[in-house]
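Contents: one structure, followed by commentary.
A short reminder: the numbers here are calculations on the coordinates, not readings from a lab. For clarity, every value in this text was computed on a predicted model and none was experimentally measured. Every residue, glycine as well, gets a Cβ built from its backbone with ideal geometry; the counts of neighbours run over all protein chains shown.
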Amino acid sequence: MINGKIAADRIRNGDDKKKGWNVMTAYKDRSTEELLQLKDSLEAEYKKFQERGLKLDMSRGKPSKEQLDLSMEMMDILNSDTDLRCREGVDCRNYGVLDGIQEAKELLAAMIEVPEDKIIIYGNSSLNVMYDTVARSMTHGVMGSTPWCKLDKVKFLCPVPGYDRHFAITEYFGIEMINVPMTPEGPDMDMVEKLVSEDEAIKGIWCVPKYSNPQGITYSDETVRRFARLKPAAKDFRIYWDNAYNVHHLYFDDQDVLIEILAECEKAGNPDMVYKFSSTSKISFPGSGVAAISTSYNNLKDIKKQMAIQTIGHDKLNQLRHVRYFKDLNGIMEHMKKHAEIMRPKFEAVLDTLDRELGGLKIGSWIRPKGGYFISFDAMDGCAKAIVARAKEAGVVMTGAGATYPYGKDPHDSNIRIAPSFPSPDELKLATELFVLCVKLVSVEKILESRSSAA
Ligand SMILES: Cc1ncc(COP(=O)(O)O)c(C=O)c1O
């Protein structure tokens, strides 16, 4: 078990001579003549792919149909004969219960390791909760502080590469985003500590602390503790802790462990500094799951003031359906093992192809995650857009290059997010073969180009 830390050997730099897969000569060490020949043969291979008329999608992290089928029995849990009262006797068909039925609080609190009285159950999407949280801070401020819309400048820290939809929220509200590089242990904490303590305009940081999107990195214990001990210049600074992949292991006997941030913040004397978000989107049905926020009593009180205006209560029938289907944390974990059975071979197919085809060539690096939904690939600088475009021209749609950075701007034009979940294993094999071909082709072109401009 890896204690909140990504093992160094999960990072494939594509240049480590000790690895068994590394038997090929790096492209940069080949003669121009050899590279020109290679380019011709790669182009011929690429043409063949184009002629096949592929139509594959590796762009978004959606569960496959097979994964959605795992939860179908949930559809039979409630019917017209079912007693639709929750444990406290409330008729779930009717209005009421603003912050979620007790049994749903217990289930989700157990899943994200927080006390059941420090949680609000929302509707179907955690992204929606994050949007609401930023929107409320803009219009009404955080626990009595000045609404952000009345300030000259509001900034957010964005660990990169990161989740495009987080960045889209802050961009939408005109919040300035500052890139913070990810390390194998989480965001660069020296930078986070410095910026947060010096700049009062910094009001938040986006974090995906476990099996991060897109790198699959889990923050180390030390990183979490450093987060908890932050001394922000802004009293309304909050950590946006998006725990989307808390139970999404690929290997149940070899999991990452993330220490619990709410408790750490309390211990460090910063109980109000974090909002923890989660949902069952990639456990049951994305778009029809149950979302939640967990935070301090002070923050919960602040949030409920707005919530009471916004809604009379979220979908309690769906909460009931989830609770009666999963029953408890053990039910969720058993269910996640079934997801892992489907996901693991797909991840391994992609990763093994990357290792086999690109190992030793020094034209990219990638990480072998132990969970989550993505594989992050870093191409040579200046190559990502061209690789994604090449893949698209041959029928494979990838997440747009740049999407993993604020404003869609990857300063190195290097990072590409691979989403292995949706295609079938056969499709995935084909798509990855095409992907590595595009990586090779674009890299050869790049090296030849730099040689000819240097000549
Ligand atoms: C990090 C992260 N957070 C949130 C979401 C979306 O969650 P929800 O469906 O609960 O809105 C995703 C979906 O890909 C994600 O990757």
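Quick notes on this one:
- Pairwise FRET efficiency - E116 versus R229, Cβ, R0 = 35 Å, nearest 0.05: 0.85
- With both labels modelled 7 Å from their Cα along Cα-to-Cβ, the E193 to Y407 distance reads 2.9 nm.
- The angle between the Cα long axis of helix 384-393 and the main principal axis of the chain comes to about 80°, on a 0 to 90 degree scale.
- Taking the chain and dividing mean pair separation by its residue count, relative contact order in percent (alpha carbons under 8 Å, at least six apart): 28 percent
- Under 5 Å, built H, 5+ apart or other chain: amide partners of G382: D413, S414
- Whole-Å semi-axes of the chain's equivalent ellipsoid (Cα gyration tensor): 41, 27, 19
- Greater than 20 Å apart at Cα, pairs in K48/K446; K39/K409; K210/K327; K210/K337; K39/K362: K48/K446; K39/K409; K210/K327
- Nearest-0.05 FRET efficiency for E200 and M72, computed from C-beta distance (R0 35 Å): 0.10
- Taking other Cβ atoms within 10 Å as a rough exposure proxy, S281, S145, S31 sort from fewest to most as S31, S145, S281.
- Against the chain, whose longest principal axis comes from its Cα atoms, helix 189-198 is set at around 50 degrees.
- Ranking of D99, D221, D253 by count of other Cβ atoms within 10 Å, fewest first: D253, D221, D99
- Comparing Cα centroids, segment 165-186 and segment 189-224 end up 10 angstrom apart.
- In plain terms, the chain from N79 to K153 could stretch by 21.5 nm, reckoned as 0.36 nm per residue minus the Cα-Cα distance.
- Angle in degrees between helix 126-140 and the longest Cα principal axis of the chain, rounded to the nearest 10: 70 degrees
- Global form of segment 112-234, assessed from the alpha-carbon gyration tensor, a/c cut-off 1.5: rounded
- Residues of segment 200-240 with an amide N closer than 14 Å to a point placed 7 Å from the Cα of E176 along the Cα-to-Cβ direction: 200-204.
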